[in-house]
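The values are calculated or read from the model by the stated rules, or taken from the named source; none is laboratory data. Everything quoted here is computed from the prediction, not taken from an experiment. Here Cβ is always computed from backbone atoms with ideal geometry, including for glycine, and neighbour counts include all displayed protein chains.
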């Protein structure tokens, strides 16, 4: 019985100390409940990069679930993004064919801003995100490049979403 009482008091002390100022809940901007993604601008030669990036941004916002994705007319804030750099470099050469790289890396850089409609000052004036992905050249090198670019843009899209939804 004595051990049981000691356990109860110890448990009460641990639970009392555990509540020292920590709270659970959203860490985003309190005024943002909905978001829209404007058409993305592609300033590179990456094929179909703007459409891919906008689709990945909407997918990441939907998956995150902190804010609701709506049209630009209904949104509390609008995300504007520009793809400023897409680089594909070879990492490793194949032993069989000296003319074609075997392993490649795609790096993507995206600048973005967040505007609250009707407010003069943007919430986020200019920030950047980047992503990279390694891929192997298969039978279709162009298909592999597009897949690698999509993976790199997915990493950048996750950074953008967390930069908007995590207000700290």
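Among the numbered conditions (1) touching a strand residue (DSSP E or B) at 6+ places or on another chain (Cβ under 8 Å); (2) free of Cβ contacts under 8 Å to residues at least 12 places away in the same chain; (3) within 19 Å of residue 55 (Cα to Cα), the only one that residue 106 does not meet is (2).
Here is the figure for segment 53-69: residues that are touching a residue at least 60 places away in the same chain (Cβ under 8 Å) and in a helix (DSSP H, G or I) total 7. When you look at residue 130, is it touching a strand residue (DSSP E or B) at 6+ places or on another chain (Cβ under 6 Å), over 28 Å from residue 34 (Cβ atoms) and either assigned to a helix (DSSP H, G or I) or at pLDDT 95 or above (or both), yes or no? Taking the combined requirement at face value, the residue does not satisfy it. Answer with yes or no whether residue 46 is at pLDDT 75 or above, in a helix (DSSP H, G or I) and surrounded by 15 or more Cβ atoms within 10 Å (Cβ to Cβ). So residue 46 fails the test. Given the structure, is residue 41 surrounded by 20 or more Cβ atoms within 10 Å (Cβ to Cβ) and in contact with a strand residue (DSSP E or B) (Cβ under 6 Å, 6 or more places away or on another chain)? For residue 41, the condition - surrounded by 20 or more Cβ atoms within 10 Å (Cβ to Cβ) and in contact with a strand residue (DSSP E or B) (Cβ under 6 Å, 6 or more places away or on another chain) - is not met.
Condition check ((1) more than 20 Å from the chain's Cα centre (by Cα); (2) surrounded by 13 or more Cβ atoms within 10 Å (Cβ to Cβ); (3) in contact (Cβ under 8 Å) with a residue 24 or more places away in the chain) across all residues:
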{"site": "51", "(1), (2), (3)": "no, no, no"}
{"site": "71", "(1), (2), (3)": "no, no, yes"}
{"site": "81", "(1), (2), (3)": "no, yes, yes"}
{"site": "91", "(1), (2), (3)": "yes, no, yes"}
{"site": "117", "(1), (2), (3)": "yes, no, yes"}
{"site": "123", "(1), (2), (3)": "no, yes, yes"}
{"site": "133", "(1), (2), (3)": "no, yes, yes"}
{"site": "143", "(1), (2), (3)": "yes, no, no"}
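It is to be established whether one or more residues within segment 49-65 are more than 22 Å from residue 106 (Cβ to Cβ) and modelled with pLDDT under 75. Looking for residues that are more than 22 Å from residue 106 (Cβ to Cβ) and modelled with pLDDT under 75, one finds none in segment 49-65, hence no. Being assigned to a loop (DSSP other than H, G, I, E, B) and crowded, with 16+ Cβ neighbours inside 10 Å is a description that applies to residue 75.
Taking residue 107 as the residue in question, decide whether it is assigned to a strand (DSSP E or B), over 19 Å from residue 39 (Cα atoms), under 16 Å from the mean Cα position of the chain (by Cα) and modelled with pLDDT of 90 or more. Yes, satisfied.
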